[in-house]
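Here is the structure we will look at.
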Amino acid sequence: MSHVSNDLLADDIEAYLALHENKSMLRFITCGSVDDGKSTLIGRLLYDSKLVFEDHLAALESDSKKFGTQAGDLDFALLVDGLAAEREQGITIDVAYRFFSTEHRKFIVADTPGHEQYTRNMVTGASTADLAVILIDARKGVLTQTRRHSYIVSLLGIRHVVVAVNKLDLVDYSKEVFDTIEAEYRGFAADIGLSDVVCIPISALRGDNITGASPQTPWYAGPTLIGHLETIEIADDLHVGPLRLPVQWVNRPNLDFRGFSGQIVRGSVRPGDRVRIVPSGLESTVERIVTDDGDLEEAIAGQSITLTLSDEVDVSRGDVIAAAGDPPRVADQFECHLVWMSEAPMLPGRPYLLKLGTRTVGATVGHPKYKVNVNTLEHTATRTLELNEIGVCNLTLDRQVPFDPYVENRDMGGFILIDRFTNQTVGAGLLHFALRRADNVHWQAVEVDKDARARLNSQRPAVVWFTGLSGAGKSTIANLVERTLHQLGFHTYLLDGDNVRHGLNKDLGFTDADRVENIRRVAEVARILVDAGVIVLASFISPFRAERELARRLIGEGQFFEVHVDVPLEVAEARDRKGLYAKARRGELVHFTGIDSPYEPPASPEIRLDASGTVPAVESAGLVVEYLRQCGVLAPPQEPEAATDPS
Amino acid sequence: MTRLTHLQRLEAESIQILREAVAESERPVMLYSVGKDSSVMLHVAMKAFYPSKPPFPLLHVDTTWKFRAMYEFRDKLVEELGVELLVHQNPDCVERGINPFDHGSATHTDLWKTEGLKQALNLHAFDLAFGGARRDEEKSRAKERVFSIRTAQHRWDPKQQRPELWRLYNARKHPGESVRVFPLSNWTELDVWQYINLEKIPIVPLYYAAPRPVVERDGTLIMVDDDRMRLDPGEEPKIRSVRFRTLGCYPLTGAVESTATTLTAIIQEMLLTTTSERQGRVIDHDSSGSMEKKKQEGYF
C-alpha cells in the first residue's frame with residue numbers, strides 16, 4: 001500500500017498499526033458511464049494503493065489480453081468488472097463495493113453503472129455515500145447523464161461532490177477545456193442545490209492527479225483526487241442533532257435485565273438523559289448505556305448500543321427512543337419522493353409493505369403528482385411509475401410511524417417498499433413531510449357498533465368473495481347462494497362486478513391500476529356492509545392476489561371467505577356467454593383477464609369450486625352454503641358479555 | 001468522543017446487521033468455520049447481544065479433514081463462550097469415505113461442504129444463516145448483498161438479489177427460501193487483522209509460524225497433520241517453519257514459509273507480501289468465473 005510509510009511498516013509495526021487503527025472512514029460513490037473510464041479510475045485507485053495483489057495482477061495481465069480494450073496494456077477496468085455475464089457484455093450492471101485504504105482513511109467505494117436504465121443502482125449506491133465522484137469525459141463535457149447523476153446525488157442528500165474531468169490526456173491536458181467544463185458544471189450544480197463542488201483534471205489511465213500532482217497540468221494548483229478524498233471534512237452534524245435510536249431488538253437475558261438494542265442514527269445519549277418513546281409518547285430516563293466493553297458515559301450517532309431505562313415502560317422493536325425535548329413527529333400520511341425499482345410498475349392503491357427504520361407497516365401509494373424527467377428535470381403528469389422512474393406521491397400507511405424529513409436525517413426519512421407477494425424490494429422513497437389531511441379527519445366514534453347491529457339482525461356478518469375468470473359462473477353461483485340464504489331468513493347483499501361498474505366505479509377502466517382501484521372501492525363497500533351486519537356476496541374477477549388480500553385484511557380474518565370459481569381458460573373461452581373472449585382475441589378489447597391481462601389464482605382459498613362444467617351450479621352453491629354453516633356463519637350471534645359495573 | 005474510527009464504524013455496522021437479521025428471522029444460525037473471519041464474526045455477535053448470549057447456535061459443516069488444531073480450538077472456544085455448537089458431517093460422505101486423495105479436491109469440497117451445508121440447513125430448518133464472507137475476497141463477491149436470498153434449493157440467483165439502501169434490509173422470504181447474511185461484508189482482510197489485534201481475539205495457532213512437518217507438492221507446502229496423509233514413494237516430510245494464511249482441509253491448504261510468531265509480525269508480513277488471501281485455496285484456481293459458479297450452486 002502506498003500512502004503509508006512503508007518504512008514504518010517494516011521498522012515499527014506497532015507504530016504503524018496505531019496509526020492505522022485510528023483512521024476515519026469515507027464512503028463515496030462514483031458516477032459516470034462506461035465510456036467515461038469509471039471502472040478504469042477505480043482500478044487505478046486500487047492499483048495505486050497497492051491493493052492489487054500479485055496473483056490478481058497476473059490474472060489482470062491475462063484478462064487484459066483476452067478481454068481488454070487497451071490493446072494489451074493493463075486494462076484496470078477488468079479489476080473491478082465482477083460478474084461473468086457483465087464481463088462479456090463489457091458493462092457493469094449492478095452496484096459493486098470496493099475497498100482501499102490510505103494513511104488517513106479507509107474508503108468504501110460504491111461503483112454504479114451510468115447506463116440510462118440503471119437509476120435504481122445509482123440510488124442504491126448513493127444512499128450510503130458521504131461523497132460523490134462524478135466523472136466527465138473531457139472530450140465530451142457536461143452531458144445529459146452528468147445532469148442525471150448530479151440530480152440523483154442531490155436528491156439523495158449527498159452534500160460533497162468531486163467532478164473528475166477524465167481523459168485529459170486525450171485533449172492535450174488543455175486548461176481551456178477543463179475551465180469550460182468546470183464553469184458549465186458549476187452553473188448547473190448551483191441550480192440543483194449542490195454547493196460543495198471540487199473539480200479536478202485527471203487521467204485515470206495515465207495516473208495524472210490521482211495520487212500525485214501531474215507534471216502535465218502545471219496550471220492546476222488544486223488537490224489531487226486522493227489528496228482531496230483523504231482530507232475532506234465530512235461535516236458530521238449527525239452527532240449534534242436530537243437523539244434518535246430506532247429499537248432493533250429487546251434484550252432480555254433474564255428477568256432482571258431489560259435493555260433496548262439499536263444503532264443511534266442521530267444525536268448522542270448519556271445516562272440521566274430524558275427520553276421519549278415514539279409513537280407511544282411515554283417518557284423515561286436513560287439509566288445505563290450497556291456494551292460488552294463496559295458501560296459508556298456517552299454514545300453518539302453511528303454506535304450500536306443497548307440502553308436501559310429507569311422506568312418499566314413498554315418498548316418494542318420499531319419504536320424510536322428519542323430526545324424528550326425534541327422527539328420526531330408521528331404520522332400516517334406523507335408526501336414523498338419515490339424511486340421505482342421493479343419491472344412491474346407501481347400501482348396506486350395496491351397494498352405494499354413499507355420499511356422505515358426498524359418498523360415495517362402496510363402502505364399504499366396515491367396517484368403520482370408528477371414524475372421527474374431525470375435528464376431535463378422537467379415534471380410530467382403520470383398515472384404510475386415504471387422501473388427507474390422517480391416521482392412525487394402521497395403515501396398512506398396503515399398505522400402511525402415516527403419519522404423525520406429525509407433532508408434532516410436519512411435513516412429517519414428513507415424507506416423501502418416491498419411487494420407483499422414476490423417479497424422483492426420494489427421501491428425506495430424519501431419522506432418530505434406529513435400531510436395535515438389525516439390529522440384533521442378524526443375517526444368518528446359511534447355507539448352502536450358492528451356486534452350490536454349483528455345481534456339485531458340475529459346473524460353473523462361476513463363476506464363471501466367469489467373470484468375467477470370471466471365466464472366461470474361466479475355471478476350464477478353467488479346468485480344461487482344469496483337466494484338460499486335469503487330463504488333461510490338472512491340479510492344479504494350481492495355486489496356484482498358488472499353492476500358496480502355501472503355506478504360507483506363507472507369512472508374506472510380495465511388497466512391494472514384501475515382494476516386495483518375497482519377492488520379497493522368494492523372492498524371498502526363490503527366492509528361497510530359487514531359493519532352494518534349484512535352477509536355480503538361479492539362476485540368479481542378480482543385478478544390480483546394483492547387486492548384480494550387487501551379485502552381480506554380490511555374485513556378481517558374469520559369473516560372473509562374466498563371462493564375460487566375455478567375454470568380452465570379454454571372452457572371459459574368456449575362458453576363466452578357475453579362474446580367478450582372473441583372480442584378480446586380480435587383485439588377489440590384490451591386488458592382482458594386471461595388474454596392479455598394476468599389472473600393470479602388464490603394460493604389457499606377457503607373454498608375451491610370446480611366450474612369446468614362437470615358440477616352443476618346448484619350443487620356448487622350448496623357447497624358454499626354448507627361451508628358457511630360449518631364455519632358458524634349461519635349460527636345465531638353471540639350474546640353480549642355482561643356489562644361491567646363502571647362504579 | 002467526536003468521531004468513530006473505521007473499525008468502530010465497521011463493528012457498529014456489523015452489530016446492526018446481526019440484530020436486524022435475528023429480529024427478522026424465525027430460526028437463524030451462524031456458520032462457523034473456525035477460521036479467523038469466523039472468529040471475528042463470533043466476537044462481534046457476542047457484543048451485539050450482550051448481556052444475552054447470541055440467540056442462535058453455531059453450525060460447523062465439518063469434513064473430518066480439518067487440521068487437528070482447528071477441532072481443539074473450536075471445542076475450547078465454544079466451551080469458554082458458552083454458546084451452542086452443532087457439527088454436521090455429511091453422512092453420505094462418511095459412509096463412502098470421501099477424501100481429497102481418492103476423489104479429488106473438487107468432489108471432496110462439493111460433497112462435504114456444499115452438499116453438507118444444504119443438508120444441515122434443511123435438517124434444522126434454518127431460515128437464515130450468517131456467513132463470514134467479505135466483499136473484498138473475490139471479484140464476484142464485490143456485488144454480493146449483505147442479505148442474500150437463496151431458493152429452496154439453496155441456489156443464488158443474481159437476478160433475484162434485492163437492492164439494499166441505507167441500513168434497510170429486506171429479509172422477507174417465501175416458505176422454503178432462506179437468507180444468507182454477511183455481517184462482515186464491508187471489512188477487508190487488513191481490517192480483520194487489525195480488529196483481531198485490537199480486540200485480542202483468539203485465533204487458531206496455525207496462523208502463527210511454528211516448525212511443522214510439510215511436504216512440497218506442485219510448489220505448495222502441505223502439512224502432514226495425521227497419518228491419513230498419503231505420501232508418495234520416497235516422499236519424506238520435512239520440518240519447516242511455516243504458517244497458514246487461510247484454513248481448510250489440511251491436505252488442500254497450502255502453508256507459507258514464515259517466522260512470524262506474533263500477531264503484529266503476521267500483519268507486517270501480510271502487508272509486505274504480494275499474494276492475495278484465497279490463493280492458498282485450491283478451489284479458486286480452475287477459471288476466473290469459478291467462485292460465481294460455486295455461489296450459484298450454493299457454496300458459501
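Report whether or not A:Tyr118 is at pLDDT 85 or above, part of a helix (DSSP H, G or I) and over 21 Å from B:Ser185 (Cα atoms). In short, no.
Does region A:311-323 contain at least one residue that is more than 9 Å from chain B (Cβ to nearest Cβ), under 24 Å from the mean Cα position of the chain (by Cα) and farther than 19 Å from A:Leu431 by Cα? Yes, region A:311-323 contains a residue that is more than 9 Å from chain B (Cβ to nearest Cβ), under 24 Å from the mean Cα position of the chain (by Cα) and farther than 19 Å from A:Leu431 by Cα.
Here's the yes/no breakdown for (1) in the same structural domain as A:Ser542 (by TED's automatic domain parsing); (2) more than 40 Å from the chain's Cα centre (by Cα); (3) at positive phi; (4) not in a strand (DSSP E or B):
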site: A:Lys583; (1), (2), (3), (4): yes, no, no, yes
site: A:Gly587; (1), (2), (3), (4): yes, no, yes, yes
site: A:Val590; (1), (2), (3), (4): yes, no, no, yes
site: A:Pro602; (1), (2), (3), (4): yes, no, no, yes
site: A:Leu609; (1), (2), (3), (4): yes, no, no, no
site: A:Val615; (1), (2), (3), (4): yes, yes, no, yes
site: A:Pro636; (1), (2), (3), (4): no, yes, no, yes
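Would a scan of region A:464-476 turn up a residue that is over 28 Å from A:Ser597 (Cβ atoms) and among the aromatic types (Phe, Trp, Tyr)?
Filtering region A:464-476 down to residues over 28 Å from A:Ser597 (Cβ atoms) leaves none.
Looking for residues that are over 28 Å from A:Ser597 (Cβ atoms) and among the aromatic types (Phe, Trp, Tyr), one finds none in region A:464-476, hence no.
From the list B:Ala125, B:Ala129, B:Ala48, B:Ala106, which one is surrounded by fewer than 17 Cβ atoms within 10 Å (Cβ to Cβ), small (Gly, Ala, Ser) and under 18 Å from B:Val22 (Cα atoms)?
On the way: B:Ala129 fails: surrounded by fewer than 17 Cβ atoms within 10 Å (Cβ to Cβ); B:Ala48 fails: surrounded by fewer than 17 Cβ atoms within 10 Å (Cβ to Cβ); B:Ala106 fails: under 18 Å from B:Val22 (Cα atoms).
One residue alone meets the criteria, B:Ala125.
Only one entry of A:Val633, A:Val590 meets the criterion of being within 23 Å of A:His486 (Cβ to Cβ), aliphatic (A, V, I, L, M) and modelled with pLDDT under 85, and that entry is A:Val633. Taken over region B:10-51, the criterion of being at the interface with chain A (Cβ under 10 Å from one of its Cβ atoms), among the polar types (S, T, N, Q) and touching a helix residue (DSSP H, G or I) at 6+ places or on another chain (Cβ under 8 Å) is satisfied by B:Ser14 alone.
Look through region B:146-167, keep the residues that are more than 9 Å from chain A (Cβ to nearest Cβ) and part of a loop (DSSP other than H, G, I, E, B), and return whichever of them is modelled with the highest pLDDT.
Within region B:146-167, the first condition is being more than 9 Å from chain A (Cβ to nearest Cβ), and the residues that meet it are B:146-148, B:150-157, B:159.
Restricting the remaining residues to those that are part of a loop (DSSP other than H, G, I, E, B) gives B:146, B:151-155, B:157.
On the way: B:Val146: 92, B:Thr151: 83, B:Ala152: 80, B:Gln153: 81, B:His154: 80, B:Arg155: 81, B:Asp157: 73.
Here the answer is B:Val146.
For region A:33-48, the set of residues classified as of a type outside the set (S, T, N, Q) and either at pLDDT 80 or above or in a helix (DSSP H, G or I) (or both) consists of A:Val34, A:Asp35, A:Asp36, A:Lys38, A:Leu41, A:Ile42, A:Gly43, A:Arg44, A:Leu45, A:Leu46, A:Tyr47, A:Asp48, listed by residue number. Residues of region B:52-91 that are surrounded by fewer than 20 Cβ atoms within 10 Å (Cβ to Cβ) and within 14 Å of chain A (Cβ to nearest Cβ): B:Ser52, B:Lys53, B:Pro55, B:Leu81, B:Gly82, B:Val83.
Quick test for you: out of B:Leu77, B:Leu4, B:Leu59, B:Leu86, pick the one residue that is within 21 Å of A:Leu245 (Cβ to Cβ) and either touching a residue at least 24 places away in the same chain (Cβ under 8 Å) or not in a helix (DSSP H, G or I) (or both). Give the derivation first.
On the way: B:Leu77 fails: within 21 Å of A:Leu245 (Cβ to Cβ); B:Leu59 fails: within 21 Å of A:Leu245 (Cβ to Cβ); B:Leu86 fails: within 21 Å of A:Leu245 (Cβ to Cβ).
None of the other options fit; the residue is B:Leu4.
For region A:174-210, how many residues are in contact (Cβ under 8 Å) with a residue 60 or more places away in the chain and on the phi < 0 side of the Ramachandran plot?
Narrowing region A:174-210 to residues in contact (Cβ under 8 Å) with a residue 60 or more places away in the chain: A:192, A:201-202, A:204-205, A:207, A:210.
Keeping just the survivors that are on the phi < 0 side of the Ramachandran plot gives A:192, A:201-202, A:204-205, A:210.
Of the residues in that region, 6 qualify.
A single entry from B:Ala129, B:Ala125 fulfils the requirement of being away from chain A (no Cβ under 14 Å), closer than 28 Å to A:Phe99 by Cα and touching a Lys or Arg at 6+ places or on another chain (Cβ under 9 Å): B:Ala129.
Could you tell me whether A:Pro253 is free of Cβ contacts under 8 Å to residues at least 40 places away in the same chain, touching a Pro at 6+ places or on another chain (Cβ under 6 Å) and not in a helix (DSSP H, G or I)? Answer is yes for this residue. The combined condition, being among the acidic types (Asp, Glu) and in contact (Cβ under 8 Å) with a residue 40 or more places away in the chain, is fulfilled by B:Asp226.
Residue count for region B:197-206, restricted to those that are surrounded by 21 or more Cβ atoms within 10 Å (Cβ to Cβ) and either assigned to a helix (DSSP H, G or I) or at pLDDT below 90 (or both): 1.
Among the residues that make up region A:313-323, is at least one of them assigned to a loop (DSSP other than H, G, I, E, B), among the hydroxyl-bearing types (Ser, Thr, Tyr) and over 17 Å from A:Ile418 (Cα atoms)?
Of region A:313-323, the ones assigned to a loop (DSSP other than H, G, I, E, B) are A:313-319.
Cutting the leftovers down to among the hydroxyl-bearing types (Ser, Thr, Tyr) gives us A:316.
Filter once more, so that each one left must be over 17 Å from A:Ile418 (Cα atoms): A:316.
Yes, region A:313-323 contains a residue that is assigned to a loop (DSSP other than H, G, I, E, B), among the hydroxyl-bearing types (Ser, Thr, Tyr) and over 17 Å from A:Ile418 (Cα atoms).
For region A:276-294, the condition holds for no residue, the condition being that it is β-branched (Val, Ile, Thr), over 17 Å from A:Thr358 (Cα atoms), in contact with a His (Cβ under 9 Å, 6 or more places away or on another chain) and more than 11 Å from every other protein chain (Cβ to nearest Cβ). The listed residues are B:Thr253, B:Thr220, B:Thr262, and the only one of them that is polar (S, T, N, Q), in contact (Cβ under 8 Å) with a residue 24 or more places away in the chain and surrounded by 21 or more Cβ atoms within 10 Å (Cβ to Cβ) turns out to be B:Thr253.
Here is a yes/no grid of residues against (1) touching a residue at least 24 places away in the same chain (Cβ under 8 Å); (2) within 16 Å of the chain's Cα centre (by Cα); (3) assigned to a strand (DSSP E or B):
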{"position": "A:Ser342", "(1), (2), (3)": "yes, yes, no"}
{"position": "A:Gly362", "(1), (2), (3)": "yes, yes, yes"}
{"position": "A:Asp398", "(1), (2), (3)": "yes, no, yes"}
{"position": "A:Asp411", "(1), (2), (3)": "yes, yes, no"}
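State all residues of region A:158-177 that are under 41 Å from the mean Cα position of the chain (by Cα) and at pLDDT 90 or above; if no residue qualifies, say none. Those that are under 41 Å from the mean Cα position of the chain (by Cα) and at pLDDT 90 or above: A:Ile158, A:His160, A:Val161, A:Val162, A:Val163, A:Ala164, A:Val165, A:Asn166, A:Lys167, A:Leu168, A:Val177. Of all residues in region A:295-305, those that are in contact (Cβ under 8 Å) with a residue 40 or more places away in the chain and more than 7 Å from chain B (Cβ to nearest Cβ) total 2.
Considering the conditions (1) at pLDDT 65 or above; (2) within 12 Å of chain B (Cβ to nearest Cβ); (3) not in a helix (DSSP H, G or I), A:Tyr16 is excluded by exactly one of them, (3).
The values are calculated or read from the model by the stated rules, or taken from the named source; none is laboratory data. Note that the structure is predicted; figures quoted are calculated from it, not measured. For neighbour counting, all protein chains shown are included, and Cβ atoms are generated from backbone atoms with ideal geometry for every residue, glycine included.
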